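The values are calculated or read from the model by the stated rules, or taken from the named source; none is laboratory data. Since the structure is predicted, the reported quantities are computational estimates derived from the model, not experimental observations. Reconstructed Cβ throughout: ideal geometry from the backbone, glycine too, with neighbour counts over all protein chains shown.
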Amino acid sequence: MCPLSLKLLVNPADERMLGGGGGADGAIHQAAGQELRTACYCVPEVRPGVRCPTGEARITPGFKLPASHVIHTVGPIYDVYSNARASLCNSYRNSLSVARRNNIKYVAFPAISCGVLGYPYNEAATVAISTIKEHCNAIKEVHFVLFADDIYNVWLKKAGELLRN
């Protein structure tokens, strides 16, 4: 397989990386098939029940997804983390770093931490877009896959503000 054809989907996982829930994480696991859950079980725990700490990223194959790989990253719970912004920035930055190390040039991100984790859309869009702008070297394309019109509209407005020039 030509490395330039590699495509990647970022999964907003929880620290266990086992799917099981709703939202994007559950949908990605369901679409990828049982093999993704099995691959996630093979990721070593860094402490009991934690395969991917908040702000870090891990990679698995994509299995039945239209992506060769999945990067699992854990975003912060907005009201719980004292420095949620730094943790969210780390989720995007570490996902890009894993993609670069695996010679992946095309990455699709969700709005990490914006679902049940409660991150305000405007703040999350600022962190996501500015972090990717700063750290996307060696990545050919970055896409945002956004579930709802309200999230899409905030991201579009923020991209217009932050990506001028």
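Of note:
- Conditions (1) surrounded by fewer than 18 Cβ atoms within 10 Å (Cβ to Cβ); (2) more than 14 Å from residue 104 (Cβ to Cβ); number of the one not met by residue 61: (2)
- The stretch 14-31, subset among the small types (Gly, Ala, Ser) and not in a loop (DSSP other than H, G, I, E, B), residue farthest from the chain's Cα centre (by Cα): 31
- Test: residue in the stretch 111-122 that is over 14 Å from the mean Cα position of the chain (by Cα) and part of a strand (DSSP E or B): no
- Filter pass, residue 123 being closer than 18 Å to residue 71 by Cβ and acidic (Asp, Glu): no
- Criterion violated by residue 73 - all others in (1) farther than 19 Å from residue 108 by Cα; (2) surrounded by 23 or more Cβ atoms within 10 Å (Cβ to Cβ) satisfied: (1)
- Failed criterion for residue 88 (all others in (1) buried (at least 21 other Cβ atoms within 10 Å of the Cβ); (2) aliphatic (A, V, I, L, M); (3) at pLDDT below 95 hold): (3)
- Within the stretch 1-24, considering residues that are in contact with a strand residue (DSSP E or B) (Cβ under 6 Å, 6 or more places away or on another chain) and either free of Cβ contacts under 8 Å to residues at least 60 places away in the same chain or within 21 Å of residue 138 (Cα to Cα) (or both), the one surrounded by the fewest Cβ atoms within 10 Å (Cβ to Cβ): 15
- Residue in the stretch 75-90 that is within 16 Å of residue 17 (Cα to Cα) and in contact with a strand residue (DSSP E or B) (Cβ under 8 Å, 6 or more places away or on another chain) present: yes
- Every residue from the stretch 42-58 that is crowded, with 19+ Cβ neighbours inside 10 Å and either over 15 Å from the mean Cα position of the chain (by Cα) or among the basic types (Lys, Arg) (or both): 51, 58
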